[in-house]
1. Report ³J(HN,Hα) in whole Hz for each residue of region 42-58, in order, from the Karplus equation J = 6.51 cos²θ - 1.76 cosθ + 1.60 where θ = phi - 60°; Gly and Pro get x.
2. How long are the three semi-axes of the equivalent ellipsoid of the chain, in whole Å, if each is the root of 5 times an eigenvalue of the C-alpha gyration tensor, listed from largest down?
3. Pull up all non-local amide H partners of residue 62: gap of 5 or more, or a different chain, and H-to-H distance under 5 Å with H placed in the peptide plane.
4. Extending each Cα 7 Å along its Cβ direction at residue 118 and residue 269, get the distance between those two points in nm, one decimal.
5. Treat every Asp and Glu Cβ in the chain as -1 and every Lys and Arg Cβ as +1, leave all other atoms uncharged, and give the resulting dipole magnitude about the Cα centre to the nearest 20 debye.
6. For region 118-188, what is one quarter of the convex hull surface built on the Cα atoms, given in nm²?
7. Could you give the dipole magnitude of region 118-188 about its Cα centre, charging the beta-carbon of Lys and Arg +1 and that of Asp and Glu -1, in debye to the nearest 20?
8. Can you give me the relative contact order of the chain as a percent, contacts being Cα pairs under 8 Å and 6 or more apart?
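No value in this document is a laboratory result; all are computed from the given coordinates. The shown structure was predicted, so the numbers you read here are calculated from the model rather than taken from an experiment. Backbone-built Cβ (ideal geometry, glycine too); neighbour counts: all protein chains shown.
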Amino acid sequence: MSAETNPAAAPLAVPSYLDQAPEVSARFARIKQRPVILEVTELSKSFSSPNRPPTVALDRVSFQVHRRELMCVIGPSGCGKSTLARLVAGLEPMTGGEMLLDGKPIHGPGPDRGMVFQSYTLFPWLTVLKNVMFGLEVGGGMSHAEAEQDARMWLEVVGLTKFAQAYPHQLSGGMKQRAAIARALANRPRMLLMDEPLGALDAQTRCQMQSYLLQIWRQVDITILFITHDLDEAVYLSDRILILDAHPGRVREVMEVAVPRPRSAEQFLSPAFIAARHHLEELIHPRAAQAADKLPVFRMTVVGDEVE
Ligand code: ADP
């Protein structure tokens with residue numbers, strides 16, 4: 001049956017991801033007026049190993065993130081997303097280019113950047129409260145009482161007040177990540193770097209956490225660079241999305257997400273959301289590649305016993 005005789009097979013008309021409602025354009029104009037917090041220019045990173053040509057993980061990557069912007073980084077596996085997060089965190093040396101945070105070169109880790117990883121990184125032997133207090137007392141030079149007061153405030157921001165005395169193993173995965181966010185934010189970083197922080201959570205908890213993250217971001221003066229490979233997550237969270245190509249990792253596009261804020265789960269079915277999602281899909285999973293992934297057909301059932 002052709003698309004003409006079978007309406008279900010006709011391609012859906014998808015609106016353009018470039019169409020922006022007036023309030024969305026006005027918001028982007030305001031974002032561009034804000035100071036640049038992170039400026040990455042021609043950033044390159046190669047990994048060399050003996051007897052093999054070097055792997056170019058990132059090749060002359062340039063982009064800027066403005067104050068209180070939430071930018072997601074997306075791209076196929078191996079495009080250098082985690083490498084980018086590690087470079088901005090100062091955990092790896094770059095091979096070329098420049099990274100400025102608040103106009104100052106990044107040369108290593110610093111308290112101006114907080115990290116939240118996919119794997120849970122809370123100290124298992126400390127309560128949630130003490131985990132958040134740790135950096136404040138040890139690195140921040142606060143007294144015990146000051147650190148406790150501050151940490152309790154951050155636990156309230158992330159909705160974990162009732163779990164202050166719990167140990168990490170007593171928390172769900174989503175709560176652990178909220179505690180990790182509280183711990184990172186308590187050190188008052190300029191920027192939060194999140195590398196697939198929700199990747200280990202089940203789908204429902206992940207949706208809840210995305211909503212929590214947006215609520216926290218709205219209340220706190222923080223700029224976020226969020227690594228993900230989940231297209232819906234990128235559209236739901238981002239102001240703009242940095243899309244990388246793989247091998248070598250290069251900037252494919254920096255896309256403005258035309259979905260109005262505040263975001264809600266109902267918007268997943270809105271034309272602007274579908275348009276943005278569809279554009280990402282086209283860039284990251286082009287149809288030709290999908291077709292190439294088709295499996296050869298070996299018939300293992302009797303003719304007539306069809307499931308479709
Ligand atoms: P992504 O997070 O997008 O999946 P990565 O940043 O992990 O990508 O990796 C980008 C490329 O760099 C890949 O080809 C990967 O194999 C390579 N790479 C990453 N880390 C190392 C390393 N420590 N040594 C050698 N190659 C690495």
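1. 6, 6, 10, 8, 10, 10, 9, 9, x, 6, 9, x, x, 8, 8, 6, 9
2. After diagonalising the Cα gyration tensor, the semi-axes are 36, 24, 22 Å.
3. When sequence neighbours closer than 5 places are left aside, the close amide H contacts are 42, 43, 251.
4. With each label placed 7 Å out from Cα toward Cβ, I get 3.1 nm.
5. 740
6. 4.2
7. 240
8. Values: 520 pairs, mean separation 74.8, N = 308.
Once divided by the residue count of the chain, the mean separation gives 24 percent.
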